[in-house]
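Trainee: Handing you a structure now.
Laboratory data are not the source of any read-out in this text; all were calculated from the coordinates shown. Just so it is clear, the model here is predicted, and its values are computed rather than measured. Backbone-built Cβ (ideal geometry, glycine too); neighbour counts: all protein chains shown.
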Amino acid sequence: MGAIEDKLKVMGLTLPPPRTFPSPNRRGCVRVGNIIFVSGHGAHHPGMKCREAGKLGADMTVEEGKLAARVAALTILSTLKAEVGDLDQIRRVIRLFGMVNCTPDFPDMPAVIDGASDLFYELFGPEYGCHARSAVGQVNLPRGQPIEINGEFEV
């Protein structure tokens, strides 16, 4: 176990199993040179109590959304680990694109996606965990999930 997984353990966090995709036409990530492009990931972790469906501004609070984003970050880390074998091989978080399933008048998408951004910042530090980011509202997301996050990582 490397330094990143040691930090997760100290935080009381675990990685879920890597996500499997329902069709062979897509996968959790694609590596091009030293950049890994990560597909959209939701909050799927059988070991954590987190809402897997809901709409911010209707039936979910910002705090519930922030937890969902944190769990999505863990699912991303699981995908990255499956790709590179050891999370210490990840050199930098380059960019996250966070989508929030929300009502038209919900203004706090950035606060929700901070759940993921904060975790990456804690794990990789201020130089390599600080990343470019977008946080946008969506009328709906697959399976009614509250958030979906994709991104790019340097190895």
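Trainee: Can you show me the helix-derived [θ] at 222 nm for the chain, built from DSSP H runs with n ≥ 4 at -39,500 (n - 2.57) apiece and divided by the number of residues, rounded to the nearest 500.
Mentor: -11000 deg cm²/dmol
Trainee: What is the set of long-range amide H partners of Ile35 at a cut-off below 5 Å, with H atoms built 1.01 Å from backbone N?
Mentor: Amide H neighbours of Ile35: Val155.
Trainee: In whole percent, what relative contact order does region 1-126 give with Cα contacts below 8 Å and a gap of six or more residues? Write out the running numbers ahead of the final one.
Mentor: Values: 155 pairs, mean separation 38.3, N = 126.
Relative contact order of region 1-126: 30 percent.
Trainee: I need the peptides 22-32, 83-93 ranked by packing, meaning the mean over residues of other C-beta atoms within 10 angstrom, with the highest value on top.
Mentor: 83-93, 22-32
Trainee: For Cα extents along the principal axes in Å, pick the label among [x] 56, 29, 24; [y] 36, 36, 23; [z] 40, 35, 29 that corresponds to the value derived from the coordinates.
Mentor: Answer label, from the structure shown: [z].
Trainee: Which number gives the lysine pairs in the chain that have C-alpha atoms under 21 Å apart and are eight or more places apart or on different chains? If you can, show how the numbers build up before the last one.
Mentor: Values: Lys7/Lys49; Lys7/Lys66; Lys7/Lys81; Lys9/Lys49; Lys9/Lys66; Lys9/Lys81; Lys49/Lys66; Lys55/Lys66.
Eligible lysine pairs with Cα atoms under 21 Å apart amount to 8.
Trainee: Now, a different point. For the chain, list the DSSP H helices whose alpha carbon atoms reach 15 Å or more along the long axis and whose average Kyte-Doolittle value is -1.0 or above?
Mentor: For the chain, where a helix must reach 15 Å along its axis and average at least -1.0, the hits are 62-84, 109-128.
Trainee: Moving on to the next point. How large is ³J(HN,Hα), in whole Hz, for each residue of region 87-104 in order, when computed from phi with the Karplus curve 6.51 cos²θ - 1.76 cosθ + 1.60 and θ = phi - 60°, using x for Gly and Pro?
Mentor: 4, 5, 6, 6, 8, 7, 8, 8, 7, 10, 10, x, 10, 10, 6, 8, 6, x
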